[in-house]
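Please treat every number below as a calculation from the coordinates, not as lab data. For clarity, every value in this text was computed on a predicted model and none was experimentally measured. Reconstructed Cβ throughout: ideal geometry from the backbone, glycine too, with neighbour counts over all protein chains shown.
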Protein chains: 2
Amino acid sequence: MTEKRSEINQIGEFGLIDRISSRVELQNSSTVKGIGDDAAVIDAGDDFTLLCSDMLTEGVHFDLSYVPLRHLGYKAVVVNLSDIAAMNGRPEQIIVSLGLSNRFSLQAVDELYEGIRAACQNYKVDLVGGDTTSSASGLVISITAIGRVQKDKVVYRSGAKSNDIICVTGDLGAAYVGLQILEREKQVFLTNPEMKPQLEDFEYVVGRQLKPEARTDIVHELGDLGIVPTSMIDISDGLASELLHLSKNSGLGVKIFEDKIPIDTKVYETAAIELKVDPITCTLNGGEDYELLFTITQADFEKIKNHPDIHFIGHMHDEAKQNLLISKQGTVIPLQAQGWNHFTSQSTG
Amino acid sequence: MTEKRSEINQIGEFGLIDRISSRVELQNSSTVKGIGDDAAVIDAGDDFTLLCSDMLTEGVHFDLSYVPLRHLGYKAVVVNLSDIAAMNGRPEQIIVSLGLSNRFSLQAVDELYEGIRAACQNYKVDLVGGDTTSSASGLVISITAIGRVQKDKVVYRSGAKSNDIICVTGDLGAAYVGLQILEREKQVFLTNPEMKPQLEDFEYVVGRQLKPEARTDIVHELGDLGIVPTSMIDISDGLASELLHLSKNSGLGVKIFEDKIPIDTKVYETAAIELKVDPITCTLNGGEDYELLFTITQADFEKIKNHPDIHFIGHMHDEAKQNLLISKQGTVIPLQAQGWNHFTSQSTG
């Protein structure tokens, strides 16, 4: 088609997004925010409408040899609701598009939709449409979520101010550690099909991988407390990558402290003892936690300082390019987004 | 997974949609219309927001051996804008999700997006987000379109009344005939790669297949004339299938006249002479015309009776199951949706 061929890998996932978005011209006054945050923002009159989309493809994002279809359906919804939550919004509807090869039976479709419906029920979201189609090979799930936020409550990646406190919900690294366990047990099984997977000890981490939850609860709680975060993003690619997004978009530096990063004991032990990997690296570069990372003003700190599920891991500062991790020993380590080095997936809204 | 295996083919595309939608419970008061029309309808305050999605998969919906990526990008947008138009709405934003195997270069992605951007410019629609991801094989494009309609102007498939006049825009059958020509030339080329495809004589029909347009112009014109159709749908699966949707949803019968179905001379000749197929069958069962099929009251007929691009092909009547085609000879033929008999694709909103 063209003479020169460049691989997508060469510019990477974020390079590709920049390339696409740099060529976009917005023409509608109703478009408040296009590509470049967790969701697009559209002026709907009284409120803003939020829109985001994620595509999951078999063999890249999921492996049906250990992912039950019900869980896959649930997760495919949740990752989108998490993006709406990251804008401080409340998800209300989803649209589901499926591409299915003839390997999939009606029962398989039913199982997938059971998971989708379970997520809809848990999060009070309506399935309002979509497209069901054939694919030449494998399963593709593309979900669009629609949410709503009051105009003065929308939160972007770009709003952090110097000295704002960096907060993270829940605990990190579990989904990545869970994935490593599932992959390990798969290899054991492939080598010796008589072996049964040993997953009893790893329920928590495997559960976090297979059936993540979106932190819409935190959005509600912050709303009740009268807190509007100054910036927010959900943790899909790993803490480091997301911190760098807040840094870049807000034009500030981040400084976080290793000993403040929330890691569950089970995650710590599984990483360090079972898998012989650094638990902190799992949190920084693992991804798929779907926790919320956000910043608040110093003034709001008092309101949530005792919240059992919100952790204060550092603060923003004026030196835009100084994104630093302070180790337990006091060493200053520059934060790097190792994330997914290869071209896999990146949602742009 | 389960003991009994049923094929999706057994219940067909519309059976699958009915199965999915019958299990959906709507929980949000903002959901006005879920699955079952050209787009979902959401209460956004002053206006309704319209949402629809279409997924195109390589090897099922397009064949890159004769579909240029630029045209594919354009068409993938247009088919969604057509769904918004079918609700009497105006498209404003789109979200594009792509799954790409490593066969695709950066140049290929650029070409695809050139087509997407061209469609955005032509229709004054903003590209506001999406997801770009790897796929294990082939190309998948999933686009969601967002539109807007005044609350008292939204048009469903269900609103037709007895004696309403059935209207169709443009001409029908061209896209199907174009596809047959492209497939024929591909086979010639595969048999003898020295042969160049002979497409000069088939520019119109091939153009309608490769680069369809959405009839947003008609929505504007009807609006200017003060006409709100009583029911509407876009023609993606063929005239017969769409007529049966209006019939079923409105609880009425349709009666159309063969000699009123608009067919371009080139379509007629290519079908009858080149391909030796019945031109009327191409319009009834071909699909992908993306023209609008709608009904108007007798009172509105006067306002558009001389419109050069709107054709009056019949009327609604009280006998719900009597969907009839009156042939040129006066024979009464029951309308059947042969459409795509195999499981391929069906948009549900």
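Any idea what the B:Lys276 label distances to the other copies are, label 7 Å down the Cα→Cβ vector, nm, shortest first?
7.1
Fewest to most neighbouring Cβ within 10 Å: what's the order for A:Thr49, B:Thr31, A:Thr265?
Placing the least packed residue first, the sequence is A:Thr265, B:Thr31, A:Thr49.
Rounded to the nearest 0.05, what FRET efficiency is calculated for A:Thr297 and B:Glu319 with R0 set to 56 Å and r the Cβ-Cβ distance?
E(calc), rounded to 0.05, equals 0.25.
What does the extension gain come out to for A:Thr265 and A:Gln198, with contour length at 0.36 nm per residue minus their alpha carbon separation?
22.2 nm is the gain from fully extending A:Thr265 to A:Gln198.
In peptide B:249-258, what is the residue-averaged number of other protein chain Cβ atoms found within 10 Å of each Cβ?
If you average over the peptide's residues, the count of other-chain Cβ atoms is 0.
So, counting K/R as plus one and D/E as minus one, what does the shell of residues with Cβ under 14 Å around B:Lys186 add up to?
-1
Does chain A come out rounded, prolate or oblate by the C-alpha gyration tensor, with a ≥ b ≥ c the root eigenvalues, rounded set by a/c under 1.5 and, if not, prolate when a/b is larger than b/c and oblate if not?
It comes out rounded by the Cα gyration axes.
Please give the Cα centre distance for segment A:54-115 versus segment B:202-251, rounded to the nearest Å.
What the calculation gives is 31 Å, centre to centre.
Which distances, shortest first and in nm, link A:Lys124 to the matching position in the other copies, using label points set 7 Å out along Cα to C-beta?
Distances to the matching label points in the other copies: 3.8 nm.
For A:Lys151 and A:Glu221 in the same chain, what is the full-extension length gain: residue separation times 0.36 nm, less their Cα-Cα distance, in nm?
The A:Lys151-A:Glu221 span can extend by a further 23.4 nm.
In nm, to one decimal, how far is the B:Ser162 label point from the A:Ser65 one, both placed 7 Å along Cα→Cβ?
Going by the 7 Å Cα→Cβ label model, 6.4 nm.
With the cut-off at 26 Å, tell me which of the pairs B:Lys196/B:Lys276; B:Lys75/B:Lys124; A:Lys124/B:Lys248; B:Lys124/B:Lys260; A:Lys124/B:Lys153; B:Lys161/B:Lys303 have Cα atoms farther apart than that.
Cα-Cα > 26 Å for A:Lys124/B:Lys248; B:Lys124/B:Lys260; A:Lys124/B:Lys153; rest within.
Loop only per DSSP, at most 11 neighbouring Cβ atoms within 10 Å: give me the GluC sites (Glu not before Pro) in segment B:146-209, ordered by residue number.
Here the GluC sites (Glu not before Pro) that fit, given the DSSP loop and packing criteria, are B:Glu194.
Please give me, ordered by residue number, the chymotrypsin sites (Phe, Trp or Tyr not before Pro) of segment B:149-258 that lie in loop per DSSP and have at most 15 other Cβ atoms within 10 Å.
Listed in order of number, the matching sites amount to none.
How do A:Thr283, A:Thr57 line up, fewest other C-beta atoms within 10 Å first?
The order, fewest Cβ neighbours first, is A:Thr57, A:Thr283.
Shielding of B:112-121 by partners, i.e. mean partner chain Cβ atoms within 10 Å per residue?
2
Assume the label is 7 Å from Cα along Cα to beta carbon: what separations in nm does A:Pro197 have to the matching positions in the other copies?
4.5
Shielding by partners for B:35-43, please: the mean number of other protein chain Cβ atoms within 10 Å of each residue's Cβ.
If you average over the peptide's residues, the count of other-chain Cβ atoms is 4.
For B:Thr169, A:Thr331, what's the fewest-to-most ordering of other Cβ within 10 Å of each Cβ?
A:Thr331, B:Thr169
Check the straight Cα-Cα distances from A:Lys328 and name the aspartates and glutamates below 19 Å, setting aside those fewer than 8 residues away within the same chain.
Qualifying aspartates and glutamates at Cα under 19 Å: A:Asp171, A:Glu258, A:Asp259, A:Asp264, A:Glu269, A:Asp278.
Tell me the mean residue ellipticity at 222 nm calculated for chain B from its helices only (DSSP H runs of n ≥ 4, each -39500 (n - 2.57), averaged over every residue, nearest 500).
-10000 deg cm²/dmol
State, to one decimal in nm, how far the label point of B:Glu7 lies from the label point of B:Phe189, with both points 7 Å from Cα in the Cβ direction.
In this crude label model, B:Glu7 to B:Phe189 measures out at 3.1 nm.
Give me the net charge of B:Asp234's neighbourhood, meaning all other residues with Cβ under 9 Å from the Cβ of B:Asp234; Lys, Arg count +1, Asp, Glu -1.
With Lys, Arg at +1 and Asp, Glu at -1, the neighbours total -4.
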